[in-house]
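Chemist: I'd like to ask some things about the structure below.
None of the figures in this text is laboratory data; all of them are computed from the coordinates on show. Please read these numbers as outputs of a predicted model, since none were measured by experiment. Here Cβ is always computed from backbone atoms with ideal geometry, including for glycine, and neighbour counts include all displayed protein chains.
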């Protein structure tokens, strides 16, 4: 399954399948404001300025553009949640924290086509009447921050931001500010991101109220991912019907998966990188036709489908479709960022689970007891199992702990505990034999906890 031509990566060579690479990656350069304009950039924004803001929101709704940051929530619907204007500031927060392990697709856009993102930002601000956009970029992207700040400065020179109004064609003025993070994974959660922009510790907030009602500085705020805003540009340029012609319908009666998706593939493949593919492409096609196959011609064993939080695909799920149905069809939490980390036949899955748990333990903000305490104990149990120092009761306790720390809605403020839970449980349950081989038989059965269903269910 391939695209006829690039959509989000038309200014970024080397993002197609190996047999149709749309140019070589070594030819990549940063698209400047002038170059972007000369290539027809900001024409979609000009088109939007001739439209009623509500019509823009309707077009994005009709396209069924689902959020590209991990949750998959429809962007147009999110834009429609704002309360009526009251003459006070309203904000757009752009999430470029991108701290999910194995995820690096937004970085590609920032590195090489920042003006595509800025055009999407300006469009969203016009459509939703948002006065100020804050571009939040992770602290580990120092060179990307420099590139984006340069692009923002160019956009001001082009009249996209500031001045007397957008492109000098309306009296609505938008400001854009770059805000660098300090390296915390939890700031990828939308309300943690808002806290960080406000200068506080990046602790997620209780919801409701939701950001659309009370967000940045207590005012209505939309939070969008970088890729989501970039995707809004071709939608407004070519129309919702065209966007719906890419991707797939749901095979299980759920919402469709329309459009293209940037998929960052890492791990044991010959050519890791970011590729633009239609939603619905199989993992096998992505690995073999886009990435040149498994490294060293070894066999496929597993893949973290779309970021560590989403869970793992097992050996017999190699042909899983990379669309928004993947969670329900393959016992995952969801598609996530659609950036798979691929493992070959020699991979120690016990070590994978322990490494994932270490990440979540280190990145827990500590605000919620189930996450703070559960993360520590899950890591200790997995370390014990990996070292061959555990018995079967420890394995059962691990599954019981994972299944109880984040699976009940409302027990934690954000989804980090749920991500930790799914990451560990799916690895253990889909590769149970490897874990059982590392533990000793227990002398006495674990008492007081019913573990059968937890151990057998993902």
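Chemist: Taking each pair of distinct Cα atoms in region 298-448 once, what is the resulting Kirkwood hydrodynamic radius in Å? Please report the intermediate quantities before stating the final value.
Modeler: Working: mean 1/r = 0.0641 Å⁻¹.
With all distinct Cα pairs of region 298-448 included, I get 15.6 Å.
Chemist: Oh, and also: When every alpha-carbon pair in region 128-249 is counted, what percent end up more than 23 Å apart?
Modeler: Values: 3158 of 7381 pairs.
In whole percent, the share of Cα-Cα pairs in region 128-249 beyond 23 Å is 43.
Chemist: Quick one: compute the contact order of the chain, relative version, from alpha carbon pairs under 8 angstrom and 6+ residues apart, as a percent.
Modeler: Values: 941 pairs, mean separation 69.6, N = 458.
It comes to 15 percent, rounded to a whole number.
Chemist: Give the whole-number value, in cubic angstrom per residue, of the convex hull volume spanned by the C-alpha atoms of region 112-169.
Modeler: Working: hull volume 4.6 nm³, N = 58.
Per residue, the Cα convex hull of region 112-169 comes to 80 Å³.
Chemist: Let me ask something else about it. Mean 1/r over all different Cα pairs, inverted: what Kirkwood radius does region 247-344 give, in Å? Mind showing how you got there, number by number?
Modeler: Values: mean 1/r = 0.0769 Å⁻¹.
Evaluated on region 247-344, it is 13.0 Å.
Chemist: Kindly express, to the nearest 10 degrees and within the range 0 to 90, the angle between helix 392-405's C-alpha long axis and the longest C-alpha principal axis of the chain.
Modeler: 30 degrees
Chemist: Let me ask something additional. How much of the DSSP beta bridge set in region 226-352 is antiparallel, as a percent to the nearest 5? Intermediate values should be presented prior to the final figure.
Modeler: On the way: 16 of 18 bridges.
Beta bridges within region 226-352, antiparallel portion: roughly 90 percent.
Chemist: Once both axes come from the Cα atoms, what is the angle between helix 142-157 and the longest principal axis of the chain, in degrees from 0 to 90, rounded to 10?
Modeler: On a 0 to 90 degree scale, this one is about 20.
Chemist: Taking N as the number of residues in region 31-244, what value does Rg over Cα atoms divided by 2.2 N^0.38 Å take?
Modeler: Working: Rg = 15.8 Å, N = 214, 2.2 N^0.38 = 16.9 Å.
Dividing the Cα radius of gyration by 2.2 N^0.38 Å gives 0.93.
Chemist: By how many nm would the segment from residue 85 to residue 140 grow when fully extended, if each residue of separation counts as 0.36 nm and the alpha-carbon distance is taken off? List each step's numbers first, then the result.
Modeler: Details: separation 55, 0.36 × 55 = 19.80 nm, distance 3.62 nm.
Gain on stretching residue 85 to residue 140: 16.2 nm.
Chemist: When each pair of different Cα atoms in the chain is counted once in the 1/r mean, what is the Kirkwood radius in angstroms, to one decimal? Don't jump to the answer; show the numbers that get you there.
Modeler: On the way: mean 1/r = 0.0439 Å⁻¹.
Across the chain, the inverse of the average 1/r is 22.8 Å.
Chemist: Compute the acute angle (0 to 90°) between the alpha-carbon long axis of helix 226-238 and the principal axis of greatest extent of the alpha-carbon atoms of the chain; round to the nearest 10°.
Modeler: 50 degrees
Chemist: Between residue 24 and residue 376, what is the label-point separation in nm under the 7 Å Cα-to-beta-carbon projection?
Modeler: So the label points at residue 376 and residue 24 sit 5.4 nm apart.
Chemist: Please compute the length gained on full extension between residue 238 and residue 367, using 0.36 nm multiplied by the number of residues separating them and subtracting their Cα-Cα distance. Could the numbers behind the result be given before it?
Modeler: Working: separation 129, 0.36 × 129 = 46.44 nm, distance 4.50 nm.
Length gained, residue 238 through residue 367: 41.9 nm.
Chemist: Out of all Cα-Cα pairs in region 1-118, roughly what percent, to the nearest whole number, are more than 25 Å apart?
Modeler: Numbers: 2545 of 6903 pairs.
Counting pairs separated by more than 25 Å, the tail of P(r) holds 37 percent.
Chemist: If I stretch the segment between residue 437 and residue 46 completely, what's the gain in nm (0.36 nm per residue apart, minus their alpha carbon distance), one decimal?
Modeler: On the way: separation 391, 0.36 × 391 = 140.76 nm, distance 6.26 nm.
In short, 134.5 nm is gained.
Chemist: Where the centroid of each part is defined by its Cα atoms, how far is region 244-259 from region 300-375 in Å?
Modeler: 23 Å
Chemist: Give the calculated FRET efficiency between residue 400 and residue 345 to the nearest 0.05, with a Förster radius of 35 Å applied to their Cβ-Cβ distance.
Modeler: Details: r = 30 Å, r/R0 = 0.86.
Result of the calculation: an efficiency of 0.70.
Chemist: Continuing with the same structure: Within region 346-388, whose backbone N sits under 18 Å from a point 7 Å along Cα→Cβ of residue 295?
Modeler: 346-353, 355-356
Chemist: I've got another one for you. Could you order peptides 328-340, 21-33 by the average number of other Cβ atoms within 10 Å of their residues, highest first?
Modeler: Values: 328-340: 23.3, 21-33: 14.5.
So the peptides 328-340, 21-33, ranked by packing, come out 328-340, 21-33.
Chemist: Restricting to bridges with both residues inside the chain, how much of the DSSP beta-bridge set is antiparallel, in percent to the nearest 5? Show your work: numbers first, answer last.
Modeler: Working: 17 of 37 bridges.
Within the chain, antiparallel bridges account for around 45 percent of the total.
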